[in-house]
Amino acid sequence: MEKSLELANMTRVQEFILLGLSTRPGIRNALFTVFLTLYLLTLLENTLIVYLVCTHSELRKPMYFFLGNLSCLEMCYVSVTMPSLLVGLWVGPCPVPFTACMTQLFFFITLICTECTLLASMAYDRYVAICRPLHYPLLMRPQVCLALALCSWLGSLLVSVAKTTCIASLSYCGPNVLNHFFCDVSPLLNLSCTHVALTELVDFISAIIILWGSLLVALASYVAIGRAVLRMPSAAARRKAFSTCASHLVVVGIFYSATIFIYARPSRIEAMDLNKVLSVIYTVVTPMCNPVIYCLRNKEVQGAFRRTLRGS
């Protein structure tokens, strides 16, 4: 037993090789341009939202407080995964030191869990605003909003510490090639040369609590909102409300569907190419769409943006 442990420690990999999104040079050049544009656009959109929320008093409401948090998160989120994706498209498969890989994994898990809980908090905020408008100032007072945001960030941080510690403590004896564009849970588990049942159990339980828990809160909120909208006397008001809710549900549905498919299963995923495609959805597509769906279509935000352009 001791000899096997010593052998594992001697052969422990010191770095991983990220294959990237694609290994074909011709395709990589085109994809690099596309993803660099999407990355810069996502940063621009979310920076604009944070600036508008911080500088306009009319946007200092619970809804925009959560949107500001979401935009800060999205900027961090895409900056964790997109640089390694772009480097892989620019130079091809690239080495990543073990410590850097685990650091990226830690921040990625923290941010994706925070996004899940923030989306649930935003759905609850809209439920209170539409279904219990008289109680809204009390139920969504600043202290409650701050507590919800802090619980989202700190709770996700604790979950990430537990998951990353479990994965980093595994032995990786080789091979060291990750068929992905960033250090993710499933590719790392596939490379481990030790028993991963406990790590998979921790990953599964945390996924159930964070992913399924926040999804149920979001769905329950939107179901209640849908019922309230159906009782509205004005057909025009119903159409407007349904249009807004439908766009929110599409983004939430795409994000949760991809993340639950990958993370809410107590087993390693073998179809890594499918894993990479789904990862693009929730690491690139949803961070770019969220600002438009949740904020930039909003009349108050548009008004604040126009006043900013006029310098007033």
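From the list SER169, SER214, which residue is of a type in the set (S, T, N, Q) and within 30 Å of PHE98 (Cβ to Cβ)?
Values: SER214 fails: within 30 Å of PHE98 (Cβ to Cβ).
It is SER169.
Considering the range 18-53 alone, what residues qualify as being without any contact (Cβ under 8 Å) to a residue 60 or more places away in the chain and within 19 Å of SER121 (Cβ to Cβ)?
VAL50, VAL53
For the range 198-312, give me every one of the helices (runs of 4 or more DSSP H) that falls completely inside it and has 2 or more residues that are at pLDDT below 80 and of a type in the set (Phe, Trp, Tyr).
Numbers: elements: 213-230, 235-263, 272-280, 286-291, 299-310.
Filter on the range 198-312 gives 235-263.
Note down all Cβ pairs under 7 Å where the first residue falls in the range 184-202 and is over 21 Å from GLY174 (Cβ atoms), the second is charged (D, E, K, R), and they're at least six residues apart or on different chains.
VAL202/LYS163
Of (1) buried (at least 16 other Cβ atoms within 10 Å of the Cβ); (2) under 30 Å from ARG231 (Cβ atoms), ASN176 satisfies all except one. Which?
Unmet condition: (2).
Taking the residues in the range 1-24 that are at pLDDT 70 or above and surrounded by fewer than 12 Cβ atoms within 10 Å (Cβ to Cβ) as candidates, determine which candidate is nearest to SER192 (Cα to Cα).
So the residue we want is GLN14.
Pick out the one residue from MET82, MET75, MET63 that is at pLDDT 90 or above, part of a helix (DSSP H, G or I) and more than 26 Å from LEU274 (Cβ to Cβ). Please lay out each step first, then the result.
Numbers: MET82 fails: more than 26 Å from LEU274 (Cβ to Cβ); MET63 fails: at pLDDT 90 or above.
Only one candidate qualifies: MET75.
To keep it simple, each residue is scored yes or no on (1) farther than 14 Å from ASN69 by Cβ; (2) buried (at least 24 other Cβ atoms within 10 Å of the Cβ); (3) modelled with pLDDT under 90.
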| site | (1), (2), (3) |
| --- | --- |
| THR114 | no, yes, no |
| ILE130 | yes, no, yes |
| PRO133 | yes, no, yes |
| PRO137 | yes, no, no |
| ARG141 | yes, no, no |
| ALA149 | no, no, no |
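Residue by residue through the range 86-102, note down the ones that are of a type in the set (Ser, Thr, Tyr) and either in contact (Cβ under 8 Å) with a residue 40 or more places away in the chain or in contact with a strand residue (DSSP E or B) (Cβ under 9 Å, 6 or more places away or on another chain) (or both). Write out each step before concluding.
To start, the set of residues in the range 86-102 that are of a type in the set (Ser, Thr, Tyr) comprises 99.
Within the range 86-102, none qualify.
Consider ALA123 carefully, then state whether it is within 23 Å of LYS299 (Cβ to Cβ) and either buried (at least 21 other Cβ atoms within 10 Å of the Cβ) or in contact with a strand residue (DSSP E or B) (Cβ under 8 Å, 6 or more places away or on another chain) (or both).
Values: within 23 Å of LYS299 (Cβ to Cβ): yes; either buried (at least 21 other Cβ atoms within 10 Å of the Cβ) or in contact with a strand residue (DSSP E or B) (Cβ under 8 Å, 6 or more places away or on another chain) (or both): yes.
Yes, satisfied.
Could you tell me whether the range 79-95 includes any residue that is among the hydrophobic types (A, V, I, L, M, F, W, C) and out of contact with any helix residue (DSSP H, G or I) (no Cβ under 8 Å at 6 or more places or on another chain)?
Here is the first cut: in the range 79-95, the residues among the hydrophobic types (A, V, I, L, M, F, W, C) are 80, 82, 85-87, 89-91, 94.
Okay, now just the ones that are also out of contact with any helix residue (DSSP H, G or I) (no Cβ under 8 Å at 6 or more places or on another chain), so 87, 91.
Yes, the range 79-95 has at least one match.
Of the conditions (1) surrounded by fewer than 20 Cβ atoms within 10 Å (Cβ to Cβ); (2) within 30 Å of VAL229 (Cβ to Cβ), LEU44 fails just one. Which one is it?
Only one criterion in (1) surrounded by fewer than 20 Cβ atoms within 10 Å (Cβ to Cβ); (2) within 30 Å of VAL229 (Cβ to Cβ) is unmet by LEU44, namely (2).
Only one of ALA120, ALA129 is part of a helix (DSSP H, G or I), under 19 Å from VAL251 (Cβ atoms) and under 19 Å from the mean Cα position of the chain (by Cα); which? Lay out the reasoning, then the answer.
Working: ALA129 fails: under 19 Å from the mean Cα position of the chain (by Cα).
Just one listed residue meets the conditions, ALA120.
The values are calculated or read from the model by the stated rules, or taken from the named source; none is laboratory data. The structure presented is a predicted model; accordingly, all values stated were derived computationally and were not measured. No Cβ is skipped: glycine too gets one built from the backbone with ideal geometry, and neighbour counts run over all protein chains shown.
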